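Take a look at the structure below.
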Amino acid sequence: MNSDKKTMGHIKEVTSSSNPIIKSLKALHLKKNRDSEGLFMAEGLKLITDAIDSGWEVSTLVYAKNIATQPRLQDIAVKARTNGTNLLEVSEKILGSLTRRDNPQMVVGIFKQKWMRMDAVKPVDNDLWIALDRVRDPGNLGTIIRTADCVGAKGVMLIGDSTDPWSLEAVRATMGSVFSINLARCSTKDFSSWRHKWGGLVVGTHLEGAVDYRNVDYTDKPVLLLMGNEQQGLSDELVELCSEKVLIPMSGRADSLNLAIATGVMAFEIKRSAINMPQDVQS
């Protein structure tokens, strides 16, 4: 027998929210359980279809019984079962309890987390990486991951005690980009050691001793964009690791931007400058 051959996944109808399988999936709302299992939850037929087509491994597929005959669902169900995924056919009420929504998506997938090792992150050509110092808000993190995908960044690094990119709130905010972007994580100490091996530019946003972000030469070099915590900004230790400190000038009464917005402004300026991005690129 070929030991690499996968067993066909099973289809099971579940009618109670107290079913042990459903309870185990609900437990993934807690970070400690996501960490111990190495799993996370994602919602939506298109998102899950794209993830499976991209080679992501789904351990369990949960769908509403009333859409069981939809061709698109049947297509991904066949692919998932062939790879050994178990399928759960449930009511909308159970889906709502899983996703904590009154009007849930009709399909939920449980996927294996993927982390990139820091020593695998190498400066290449005009690559852009985004590093976040102790980001707290899952909505901000998810939006930054989505923005990184849109701008063509290679990945997002999480430094220190950051919110979990695999939380349901963060995954929702990525709009599927969590399946397209490399994610890495490290302590501030490990980042400091790794940074000295980075042969490109390290740009951090900071108020003191900084220059206008539009006046930095981002061309012909890999760039690491370093963004700080929502309330405190970059730690002093990380500021010292920046080769360029920049600021985004403010014209109105507000003196700061939301972290995700500021990251987007910076990332698109870096890529525009680095590759001479056309001004009329379609959105």
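Here are the numbers for the structure shown:
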item	result
Surrounding net charge for LEU247, when Lys and Arg each add one and Asp and Glu each subtract one, Cβ distance under 13 Å	-3
Given LYS46/LYS93; LYS32/LYS93; LYS12/LYS79, the pairs whose alpha carbons are separated by over 23 Å	LYS32/LYS93
Cα-centred dipole magnitude for the chain, charges only on beta-carbon of K, R (+1) and D, E (-1), debye, nearest 20	1080 debye
GNM flexibility winner over the chain from ALA68, ALA77, ALA260 (Cα, springs under 10 Å)	ALA68
For the chain, calculated [θ]222 nm from helices alone, where every DSSP H run of n ≥ 4 adds -39500 (n - 2.57)	-9500 deg cm²/dmol
[x] 0.93; [y] 1.12; [z] 1.03, with the label sought being that of the calculated Cα Rg over 2.2 N^0.38 Å	[y]
GLN231 versus ASN19: modelled label distance in nm, points set 7 Å from Cα along the beta carbon direction	4.2 nm
Fewest-first ranking of ARG272, ARG72, using other Cβ atoms within 10 Å as the exposure measure	ARG72, ARG272
3J(HN,Hα) from dihedral phi, region 50-65, Karplus parametrisation 6.51/-1.76/1.60, rounded to Hz, x for glycine, proline	4, 5, 5, 5, 8, x, 6, 8, 9, 7, 9, 10, 10, 9, 6, 4
Under 12 Å, Cβ to Cβ, from GLY199 - net charge with Lys/Arg +1 and Asp/Glu -1	+2
Normalised convex hull volume, region 182-283, alpha-carbon set, Å³ per residue	135 Å³
Value of D in µm² per second that Stokes-Einstein yields for region 11-112, Kirkwood Rh from Cα pairs, at 37 °C (0.692 mPa s)	243 µm²/s
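Read-outs: derived from the displayed coordinates by stated rules, not from any lab. Since the structure is predicted, the reported quantities are computational estimates derived from the model, not experimental observations. For neighbour counting, all protein chains shown are included, and Cβ atoms are generated from backbone atoms with ideal geometry for every residue, glycine included.
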